[in-house]
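A.B. asks: Just dropping this structure here.
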Amino acid sequence: MVILSNIDMNNFAGSIASSSSDDDSFDEDDLVLYTLLSAARNRVQQRGESTNTEKRRRISIVRDRMAAHELLVRDYFASDSLYDLSKFEDRDLENNYEFFQLRWDARGKRGFSTLQKCTAALRQLAYDIAADASDKYLKMSERTGRECAYLFCEYVIELYGDIYLRHSTRNDIEQLYAAHEAKHGLLGMLGSIDCTHWEWANCPNAWRGQFTRGDHGIPTIILESVASHDLWIWHAFFGMAGSNNDLNGKAPNMLFVVNEHQYNYGYYLGDEIYPEYATFVKSFSFPTDEKRQLFKLAQESARKDVEQAFGVLKQKWHIIKHPTWSWNREKLTKVLTACVILHNMIIEEEGRAICMYNPEDILNPPAVIQVGNPAYFTRLLEIQNSETHHNLRNDLTEHIWQRQFQQNGDNDDDGDDDEDDNDEHDEF
């Protein structure tokens, strides 16, 4: 890059003007060059005149962080607060991570408190507000608010992921079997499996093709989940391209008996996109008799558990409900995983969880079979056996039919007893 001084530009512009006057005409190229040089000369003169003036500095906004903290405590965490949240005294983030501790900088300026940082993160996850929206109430800048949100999600996964996204143990499976049999009448049911899409507004152009599915028309990222009747999400796999339909997860080895036939693995209720595996139970596409129609009704009714779980998850955490503007897939995965963990924590706090966490169960998890061993291929063939899939569905169909018949018979017996009681009353 050639840098010309003001004198050089004046001489050069003067030579152009003199040469043009000799020819009595201006060439178009000379005119454009003369105009550019004149503008550059004026700019250099203005810059030289402003060298002695005071340099502009970045504007520093004075934020009263202490007053914002006191307002937050008075509104939510005091004994006589407007919105009583004083029972939440969990200090895990503050005790384990320096970022969420109250600190002072080198100038002695007070930083943000743990409550301010956690509140800023939760408001972004729950309401899907911009990072700088916390400035008015919490006196927090956009950069700090965004940093709070991402680190909050990362630390929540580290602290609570092994508890609230744990693999089901034998005690958990037994309780799930009993709860689903009592509610839906389906023996051996572990939960329902399905996928939901999170719109990716800032998807890179190079990836738009693989993340766009025809029925959506926009780039999305898939969340595959398994949910039980209490809406607890047992499995959450996130990050697949929106154009894919893939399977990820494990099949717990837990025996159960239905219609006098024994099966080795629990199953999940799915729709027609899932393969005919022994661990999936799908409905009949075209039921031809009353038994199959009754089973289709029971299966589709029970499978609404996972749809309801998706609805509650998105309604609690609006950041999943609305399009995401981040381009980093790793950050999106952390955000969604943290929302699933918080979703399960709320279910446990409200007392609706079927299975309670027991550290002793975690110490003895089901044995993991190494990929490539003969036992692995044996188990793979058992799971992918379509004959077992059809036999299980037929046995469940018969079980649902007999269960319905027994309930109708019990109701008829109750009706006969009521009639006998009325007859005896009439005699008196």
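A.B. asks: Quick one: count up the residues across the range 200-215 that are crowded, with 17+ Cβ neighbours inside 10 Å and not in a loop (DSSP other than H, G, I, E, B). If you could, list the steps in order and put the result at the bottom.
C.D. replies: Here is the first cut: in the range 200-215, the ones crowded, with 17+ Cβ neighbours inside 10 Å are 200, 203, 211-213.
Still in the list and also not in a loop (DSSP other than H, G, I, E, B): 200, 211-212.
Adding up the residues that qualify gives 3.
A.B. asks: Which count do you get for residues in the range 131-152 that are surrounded by 15 or more Cβ atoms within 10 Å (Cβ to Cβ) and not in a loop (DSSP other than H, G, I, E, B)?
C.D. replies: So the answer is 15.
A quick yes/no check of all residues on (1) in contact with a Gly (Cβ under 6 Å, 6 or more places away or on another chain); (2) under 16 Å from Leu72 (Cα atoms); (3) in a helix (DSSP H, G or I):
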| site | (1), (2), (3) |
| --- | --- |
| Glu94 | no, no, yes |
| Arg107 | no, no, no |
| Phe112 | no, yes, no |
| Lys117 | no, yes, yes |
| Ala120 | yes, yes, yes |
| Arg123 | no, yes, yes |
| Ala126 | no, no, yes |
| Ile129 | no, no, no |
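A.B. asks: Which pairs have Cβ atoms under 6 Å, sit 6 or more apart or on different chains, and link a residue in the range 219-232 that is within 11 Å of Leu313 (Cβ to Cβ) to one that is among the β-branched types (Val, Ile, Thr) and surrounded by 22 or more Cβ atoms within 10 Å (Cβ to Cβ)?
C.D. replies: Ser225/Ile233; Ala227/Ile233; Ala227/Val306
A.B. asks: Considering only the range 383-396, I want to know if a residue exists there that is open to solvent by 60 Å² or more (accessible area, probe 1.4 Å) and outside any helix (DSSP H, G or I).
C.D. replies: Yes, there is a match, as at least one residue in the range 383-396 is open to solvent by 60 Å² or more (accessible area, probe 1.4 Å) and outside any helix (DSSP H, G or I).
A.B. asks: Which one of the conditions (1) part of a helix (DSSP H, G or I); (2) within 29 Å of Phe237 (Cβ to Cβ); (3) within 24 Å of the chain's Cα centre (by Cα) does Arg166 fail to meet, given that it meets all the rest?
C.D. replies: So Arg166 meets the others, but not (1).
A.B. asks: Which is open to solvent by less than 60 Å² (accessible area, probe 1.4 Å), touching a Cys at 6+ places or on another chain (Cβ under 7 Å) and over 20 Å from His318 (Cα atoms), of Leu159, Leu93, Leu125, Leu115? Break it down stepwise before answering.
C.D. replies: Working: Leu159 fails: touching a Cys at 6+ places or on another chain (Cβ under 7 Å); Leu125 fails: over 20 Å from His318 (Cα atoms); Leu115 fails: touching a Cys at 6+ places or on another chain (Cβ under 7 Å).
So the residue among Leu159, Leu93, Leu125, Leu115 that is open to solvent by less than 60 Å² (accessible area, probe 1.4 Å), touching a Cys at 6+ places or on another chain (Cβ under 7 Å) and over 20 Å from His318 (Cα atoms) is Leu93.
A.B. asks: Among (1) out of contact with any Asp or Glu (no Cβ under 7 Å at 6 or more places or on another chain); (2) closer than 25 Å to Asp395 by Cα, which single condition is Trp232 missing?
C.D. replies: (2)
A.B. asks: So how many residues does the range 162-189 have that are open to solvent by 10 Å² or more (accessible area, probe 1.4 Å) and not polar (S, T, N, Q)? Walk me through how you get there before you give the answer.
C.D. replies: Taking the range 162-189 first, the residues open to solvent by 10 Å² or more (accessible area, probe 1.4 Å) are 162-168, 170-171, 174-175, 177-179, 181-184, 187.
Right, trim to not polar (S, T, N, Q) and you get 162-167, 170, 174, 177-179, 181-184, 187.
Going through the range 162-189 one residue at a time, the tally reaches 16.
A.B. asks: Something else: Just the residues that are touching a residue at least 12 places away in the same chain (Cβ under 8 Å), more than 24 Å from the chain's Cα centre (by Cα) and outside any helix (DSSP H, G or I), please, taken from the range 281-316.
C.D. replies: Val281, Lys282, Ser283, Phe284, Ser285
A.B. asks: From the list Asp361, Asp289, which residue is surrounded by 15 or more Cβ atoms within 10 Å (Cβ to Cβ) and among the acidic types (Asp, Glu)?
C.D. replies: Values: Asp289 fails: surrounded by 15 or more Cβ atoms within 10 Å (Cβ to Cβ).
Residue meeting the stated conditions: Asp361.
A.B. asks: Here's another thing I want to ask about it. Any idea which of (1) modelled with pLDDT under 90; (2) over 21 Å from Phe310 (Cβ atoms); (3) surrounded by fewer than 17 Cβ atoms within 10 Å (Cβ to Cβ) is the one Glu260 doesn't satisfy?
C.D. replies: Going through (1) modelled with pLDDT under 90; (2) over 21 Å from Phe310 (Cβ atoms); (3) surrounded by fewer than 17 Cβ atoms within 10 Å (Cβ to Cβ) one by one, Glu260 breaks only (1).
A.B. asks: Can you tell me which residue in the range 318-336 is most open to solvent (accessible area, probe 1.4 Å), limited to those that are over 16 Å from His197 (Cβ atoms) and assigned to a helix (DSSP H, G or I)?
C.D. replies: Glu330
A.B. asks: Among the residues in the range 220-227, are any out of contact with any Leu (no Cβ under 6 Å at 6 or more places or on another chain) and open to solvent by 30 Å² or more (accessible area, probe 1.4 Å)?
C.D. replies: no
A.B. asks: Of Lys296, Lys282, which residue is open to solvent by less than 60 Å² (accessible area, probe 1.4 Å) and touching a Pro at 6+ places or on another chain (Cβ under 7 Å)?
C.D. replies: Details: Lys282 fails: touching a Pro at 6+ places or on another chain (Cβ under 7 Å).
Criteria check complete, one pass: Lys296.
A.B. asks: Could you please find all residues in the range 263-280 being part of a loop (DSSP other than H, G, I, E, B) and of a type in the set (Phe, Trp, Tyr)?
C.D. replies: Of everything in the range 263-280, those that are part of a loop (DSSP other than H, G, I, E, B) and of a type in the set (Phe, Trp, Tyr) turn out to be Tyr274, Tyr277.
A.B. asks: Answer yes or no as to whether Glu174 is in contact (Cβ under 8 Å) with a residue 24 or more places away in the chain and either farther than 20 Å from Ile346 by Cβ or within 17 Å of the chain's Cα centre (by Cα) (or both). Break it down into steps so the answer makes sense when it comes.
C.D. replies: Values: in contact (Cβ under 8 Å) with a residue 24 or more places away in the chain: yes; either farther than 20 Å from Ile346 by Cβ or within 17 Å of the chain's Cα centre (by Cα) (or both): yes.
Yes: the conditions hold for Glu174.
The values are calculated or read from the model by the stated rules, or taken from the named source; none is laboratory data. These numbers were taken from a predicted model, which means no experiment stands behind them. With ideal geometry, Cβ positions are generated from the backbone for all residues, glycine too; neighbour counts draw on all protein chains shown. Protein only, heavy atoms only, side chains kept; ligands, DNA and RNA dropped before computing areas. Shrake-Rupley method; radii C 1.70, N 1.55, O 1.52, S 1.80 Å.
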